[in-house]
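Comments concern the structure below.
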Amino acid sequence: MPTRSKSSKKASGLSSLGKTTVVESPKITKSTETASTRANEEPEVSSSSALAISSESSLPLSSEQTKKAIAALIKHIEKKAAEEAATTTDSNKPGSKKRKLNLLSDDPSNPEESEKQALYLVIGTKKYLSDKPVMKPQRITVPHPIYNLDTTSICLITKDPQRLYKDVLLGDENSPVKDKIARIVGISKLKTKFKTFESKRQLRDDHDLFLADDRVVTMMPELLGKTFISVKKMPVPISFLNPAAASALETAVKVAKARASKKRTAQTSPEEEFAREKAAISSKRVNAEITRTLNSAMVFVPAGNSTTVKVGFSTFSVDDLAENVEAVIGGLVSKNIVKGGWDGIRSIHLKTKGSISLPIFLTEKLT
């Protein structure tokens, strides 16, 4: 008997949600299936032909379509987790097989994490988002935080000396960020202690979120390299200084450098510079920056016409994920990250690391 290829098998199973037809009006695609038929069918992870692109309202993006894709992805994750649990046998029995680790979960060694996977929004654009990669991720506030403060390990990367920031942010009993920061690493320490690939990878895996002083963030691509870039864990730039003190500090540094260049001698001692920097650091400002980051989705702008943004986890409700999706897309447009706004978007898909991409928006205007 002739065998069917994997691709043909996959294609044959991608019609459970019905076929679509494109009507004459632009940007509108309607499904030929009835509402009752859709209600009786179980959503499965399907191809683009299975998820109709609907635009019955004035909005370019259909909330119903978004929720349909999210529900299908969550069901897919739950199904895979159930299959994995069903194949798990007692390791003490002869001939039993060890449980395979789910490498796509947040903690692959924890079987309870099997059903928790990140959901990603994949945005395709008509034009390049940037002429060159932008290593500073942009923050878009979402209504339902992606990061949980109680479970998120935060690492701060600071200017030298590292001890100064530890004393102000962690040493002060009244510091609002004392219990929020897991580690502080200075630039010198980053260059020496975390120089090898193995040490960088260990640092990357030890923490969930990296924040860096905006005065040194431009050094991060060279110091952290592909180890961080490949998994989109580049530090988010934040300000450690309160605005008034930052302005005064910048002026004082410029004056000191100007005097030193004329007389060829330093006009301020290291102790004076240390005291000036310490006075400018604001734990309240850092706390506000951490809160803002925890409530934001990170957008990395590549030198290409596609970007991927994490919008939440499969443990979120369908409605919460849909609201995060709408907030991210709205931010991409309002912040002019996508050139041309909505007219500059070619496609929008949703996916997990181990699934195919499900379309929630496709434009008919390719230029």
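The values are calculated or read from the model by the stated rules, or taken from the named source; none is laboratory data. Since the model is a prediction, treat every value here as computed from it, not as a measurement. Using ideal geometry, Cβ is built from the backbone for each residue, glycine included, and neighbour counts are taken over all protein chains shown.
Can you tell me which condition Thr265 does not meet? The list is (1) within 30 Å of Ser296 (Cα to Cα); (2) over 23 Å from the mean Cα position of the chain (by Cα); (3) at pLDDT below 90; (4) not in a helix (DSSP H, G or I), and all the others hold.
Single failed check for Thr265: (1).
Return only the number of the condition from (1) modelled with pLDDT of 85 or more; (2) on the phi < 0 side of the Ramachandran plot; (3) surrounded by 12 or more Cβ atoms within 10 Å (Cβ to Cβ) that Lys226 does not satisfy.
(3)
Please find, within the stretch 62-82, the residue that is nearest to Ile329 (Cα to Cα) out of those that are aliphatic (A, V, I, L, M) and surrounded by fewer than 18 Cβ atoms within 10 Å (Cβ to Cβ). Walk me through it before giving the result.
As a first pass, look at the stretch 62-82 and keep what is aliphatic (A, V, I, L, M): 69-74, 77, 81-82.
Those still in the list that are surrounded by fewer than 18 Cβ atoms within 10 Å (Cβ to Cβ) too: 71, 82.
On the way: Ala71: 19, Ala82: 32 Å.
The residue in question is Ala71.
Thr141 fails exactly one of the following numbered conditions: (1) modelled with pLDDT of 90 or more; (2) more than 18 Å from Ala297 (Cβ to Cβ); (3) surrounded by fewer than 16 Cβ atoms within 10 Å (Cβ to Cβ). What is the number of that condition?
With (1) modelled with pLDDT of 90 or more; (2) more than 18 Å from Ala297 (Cβ to Cβ); (3) surrounded by fewer than 16 Cβ atoms within 10 Å (Cβ to Cβ) applied to Thr141, the lone miss is (2).
Can you name the residue in the stretch 144-170 that is more than 15 Å from the chain's Cα centre (by Cα), under 20 Å from Asp214 (Cα atoms) and β-branched (Val, Ile, Thr) and is also surrounded by the fewest Cβ atoms within 10 Å (Cβ to Cβ) among such residues?
In this case the residue turns out to be Val168.
Report yes if some residue within the stretch 44-60 is of a type outside the set (S, T, N, Q), assigned by TED's automatic domain parsing to the domain that holds Ile356, at pLDDT 50 or above and surrounded by fewer than 20 Cβ atoms within 10 Å (Cβ to Cβ); otherwise report no.
Our first condition is that a residue be of a type outside the set (S, T, N, Q); within the stretch 44-60, this holds for 44-45, 50-53, 56, 59-60.
With assigned by TED's automatic domain parsing to the domain that holds Ile356 added as a condition, the list becomes 44-45, 50-53, 56, 59-60.
Still in the list and also at pLDDT 50 or above: 60.
Adding the requirement that they be surrounded by fewer than 20 Cβ atoms within 10 Å (Cβ to Cβ) leaves 60.
Yes, the stretch 44-60 contains a residue that is of a type outside the set (S, T, N, Q), assigned by TED's automatic domain parsing to the domain that holds Ile356, at pLDDT 50 or above and surrounded by fewer than 20 Cβ atoms within 10 Å (Cβ to Cβ).
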